[in-house]
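So the structure is just underneath, and the comments pick up after that.
FYI, it's all coordinate maths here, none of it is from the lab. All values reported here derive from a predicted model rather than from experimental measurement. Cβ sites come from the backbone with ideal geometry, for glycine too, and all protein chains shown count toward neighbours.
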Amino acid sequence: MNYVENIRCPNCGSYGERHHLLDCNLVRTQCPECDYLMVTCGVTGKVVEAYAPGLSLEHFICRV
Ligand SMILES: [Zn+2]
């Protein structure tokens, strides 16, 4: 079961969301204020994807 956690954005300090995508062992952290996005592996903590502003977050749904 996936779940969402409210966090502080590590980039700008605003409230953001951390999505735990347990189906594919990914953790996606995103911030609507600055468009921060980081996807890490839920097992190893390794960064899978990361970027700053401009692109759609919809691209980063679970792809497994
Ligand atoms: Zn932010």
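Would you confirm, using the coordinates I've provided, whether VAL39 is touching a Leu at 6+ places or on another chain (Cβ under 6 Å) and part of a strand (DSSP E or B)?
Answer is yes for this residue.
Do you know which residues across the range 1-36 are of a type outside the set (A, V, I, L, M, F, W, C), within 16 Å of the ligand (Cβ to nearest atom) and not in a strand (DSSP E or B)? Give the steps one after another, and end with the answer.
Step one: of the range 1-36, the residues of a type outside the set (A, V, I, L, M, F, W, C) are 2-3, 5-6, 8, 10-11, 13-20, 23, 25, 28-30, 32-33, 35-36.
Add one more test, that the residue is within 16 Å of the ligand (Cβ to nearest atom), and what stays is 5-6, 8, 10-11, 13-19, 28-30, 32-33, 35-36.
Within the range 1-36, PRO10, ASN11, GLY13, SER14, PRO32, GLU33, ASP35, TYR36 qualify.
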